[in-house]
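Everything on this sheet refers to the single structure shown next.
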Amino acid sequence: MNYKYFPHTEEDIEQMLRKIGIKSLDDLYSEVPECIRFRREYHLPEEKSEIEVRRFFDTLGAKNKQLICFAGAGVYDHYTPAVIPSIVGRSEFLTSYTPYQAEISQGTLHYIFEYQSMMAELTGMDVSNASMYDGSTATAEAVLMAGNMGKKANKVLVSGTLDPKVLNVVKTYAFFHGIEIEMIAATGGITDKNDLQERLGKGGVAGVVVQQPNYFGIIEDYSGFAELCHEQKALFIMNSIAADLALLKTPGEWGADIAVGDGQSLGIPMSWGGAYVGYMCCTEKLMRKMPGRIVGKTVDRNGQRAFVLTLQAREQHIRRQKATSNICSNESLMALWVTIYMSLMGKQGLKEAAQMSYDGAHYLCEQLNKTGHFVLAYDRPFFNECCMRYDGDVDKLQKHLIDRGIFGGIKVANDTIMFAVTEKRSREEIDRLIDLCHE
C-alpha cells in the first residue's frame with residue numbers, strides 16, 4: 001500500500017489502470033502540461049509542539065480585523081450562547097452521515113424531530129423537513145416543487161423585492177428544470193400587487209415567490225396574495241429570515257403553501273458565509289413533494305418512544321425518476337445547532353432578541369435622520385434593517401467607518417446604504433456609528 005490512508009493496494013491500482021487502458025498513474029496525468037506541474041519540494045515547516053502551533057495560529061488570527069457589524073442583507077450578527085458548541089459535540093447527537101439505521105441513530109433522529117416541530121410552529125405551517133443547505137437553495141427547491149405540482153404551468157413569478165442572491169440561485173435551478181422565471185414589479189420598495197394580479201391572469205403560473213421582510217428590510221402587507229395565487233392554482237411561497245418570525249405574522253397566517261428561508265439568524269455565527277441551514281415548511285397537502293428528510297415519532301415493539309425516517313422520497317429509497325431532490329446530507333448538524341438555540345432561548349427569548357433588533361434599527365434610523373445627511377429611502381414599516389439615502393460619497397463614508405472598526409452597512413445603490421441592527425449592537429456602538437457619520 002503506497003499511502004497509509006489510501007485503501008487501494010498495488011493490485012487494485014493495476015486492475016483499474018488496465019480497465020481504462022493505461023500503464024501507469026503518470027500516464028493518467030499525461031495531458032497536464034509540464035509547465036504547470038509542481039516539481040519542487042513542498043515548503044513544509046519543521047515540526048512544532050502543541051503550544052507552538054497554538055501560538056502560530058493565534059498570531060495569524062490576530063491579523064484579522066474584527067469589525068462591529070451593521071451589515072445584514074441575509075446574514076446577521078446574532079449572539080451564540082456559549083453552551084451550544086458543547087452540546088453539539090455530544091456523541092449521542094454528533095453521529096456520522098445519515099441516520100438510516102434508526103436503532104443506532106435515536107439521538108440524531110430525536111433532535112431532527114424537535115427541529116421540525118419548532119420550525120413548523122415558528123412558521124405556522126403543518127410540516128417541516130430537516131433541512132436544506134441555506135435559504136437560497138431552499139427557495140429554489142420550493143420553486144421546483146411548484147413546477148412539479150403545476151400540471152400545465154411552467155412559470156414562476158418572483159417579486160422584485162426578493163434578495164438578488166436568492167434570485168440568482170432560483171434562476172440557476174429553474175433554468176435546468178425548464179421553469180420560466182418572470183419578475184413581479186417592485187413599486188416604492190414593495191411588491192406591486194396589481195402587476196401580480198395581471199401576470200396571474202395570463203395563466204400558466206405554477207407559483208409565486210415573495211420575501212418577508214423583503215430585501216430592503218421592509219415589512220410588506222401580503223393581504224390577499226394567497227387568494228390571488230390559489231384562484232389561479234398557483235402555490236404561494238414566502239421566504240423569511242427565521243428569527244424575524246418570532247414577532248412577525250407567520251407565513252401560515254398569510255396563507256402560504258410553502259415557507260422557506262435561512263436559519264442563520266437562529267444563533268449560527270456569520271462564519272464568513274457558512275455553513276448555514278435552510279428551512280422548508282409546507283402544508284400537509286404538499287409534504288410528499290418536499291425534498292429532504294422528515295422524521296416521525298412512533299413506538300417500538302416494547303411500547304417505548306422511537307424516532308424514524310418517514311415519507312422517504314429520496315432516490316436511495318424509491319425510483320430515481322420519482323424521487324425529490326437529494327439534498328441535505330450534511331445539514332442536520334446545523335439543524336441541531338438551531339434546535340439547541342431555540343430550546344435555550346424559548347419563545348420569550350426569541351421574541352426579546354427580535355424586539356431588541358427592531359428597537360435598535362429604529363433608533364439608528366431616527367438618529368441618522370437627525371444628522372441631516374440621511375433620509376429613509378422607503379417610508380414604509382421595517383424590521384431590523386433599513387435603507388438610508390446619504391447626501392455624500394457612500395464609498396468614502398464606508399471606508400471611513402471601516403478604518404475606525406465599523407462595518408457600516410451594505411451599499412445597495414450609489415446613494416443608499418442598508419444598515420442592519422441585531423440584539424448584539426449596544427446603544428454605545430450605535431451612537432459611535434452615528435458620531436462617525438457626523439465627521
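The values are calculated or read from the model by the stated rules, or taken from the named source; none is laboratory data. Keep in mind that this is a model prediction, so the values were computed, not measured. Please note: Cβ atoms are built from the backbone with ideal geometry, for glycine as well, and neighbour counts cover all protein chains shown. Side chains included, ligands, DNA and RNA excluded: accessible areas come from the protein's heavy atoms. Shrake-Rupley method; radii C 1.70, N 1.55, O 1.52, S 1.80 Å.
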Note, N369: beta-carbon cut-off 14 Å, +1 each Lys/Arg, -1 each Asp/Glu, net -1
Of T161, T283, T298, ordered by accessible area with the largest first and a 1.4 Å probe, the sequence is T298, T283, T161
With 0.36 nm assigned to each residue of separation and the Cα-Cα distance removed, L60 to S24 gains 8.8 nm
Residue by residue through the range 412-423, the couplings from Karplus 6.51 cos²θ - 1.76 cosθ + 1.60 with θ = phi - 60°, in Hz, x for Gly and Pro, are 10, 7, 4, 10, 10, 10, 9, 9, 10, 10, 10, 5
Counting only DSSP loop positions in the range 53-107, the chymotrypsin sites (Phe, Trp or Tyr not before Pro) whose Cβ has at most 15 other Cβ atoms within 10 Å are Y79, Y97, Y100
Note on the range 82-341: contact order normalised by length, alpha-carbon pairs under 8 Å, 6 or more apart, percent, works out to 27 percent
The convex hull of the Cα atoms of the range 235-311, divided by residue count, gives a volume in Å³ per residue of 145 Å³
per DSSP, antiparallel bridges as share of beta bridges in the chain, % nearest 5, sits at 60 percent
Expected sort for 44-53, 244-253, 144-153 on mean C-beta neighbours within 10 Å, highest first, is 244-253, 144-153, 44-53
Taking a ≥ b ≥ c as the square roots of the Cα gyration tensor eigenvalues, with a/c under 1.5 meaning rounded and otherwise prolate when a/b beats b/c or oblate if not, the range 1-72 comes out prolate
For L25, the accessible surface traced by a 1.4 Å probe with all protein chains present amounts, in square angstrom to the nearest 10, to 80 Å²
Sorted on mean Cβ neighbours within 10 Å (highest first), peptides 209-221, 397-409 come out as 209-221, 397-409
Ranked output for segments 423-436, 225-238 by mean other Cβ atoms within 10 Å, highest leading, reads 225-238, 423-436
What helix-only [θ] at 222 nm does the chain give? Using -39500 (n - 2.57) per DSSP H run of at least 4, over all residues, to the nearest 500, the answer is -11500 deg cm²/dmol
Rounded to two decimals, the Rg over Rh value of the chain from Cα coordinates and the Kirkwood Rh reads 1.03
Classified through the alpha carbon gyration tensor (a ≥ b ≥ c as square roots of its eigenvalues; rounded if a/c is under 1.5, else prolate when a/b is larger than b/c, else oblate), the range 82-341 comes out prolate
Whole-percent carbon and sulfur contribution to the accessible surface of the chain (1.4 Å, no ligands, DNA or RNA) stands at 52 percent
Counting only protein heavy atoms and rolling a 1.4 Å probe, one gets per residue an accessible area for the range 10-59 in Å² of 107 Å²
Taking a probe of 1.4 Å and leaving out DNA, RNA and ligands, the range 82-341 shows per residue an accessible area in Å² of 43 Å²
Restricting to Cα pairs under 8 Å and 6 or more apart, the percent relative contact order of the chain works out to 20 percent
Quick calc: nm separation of the 7 Å Cα→Cβ label points for E50 and K4 -> 1.8 nm
Mean projected area, convex hull of alpha-carbon positions in the range 348-427, reported to one decimal in nm², is 5.5 nm²
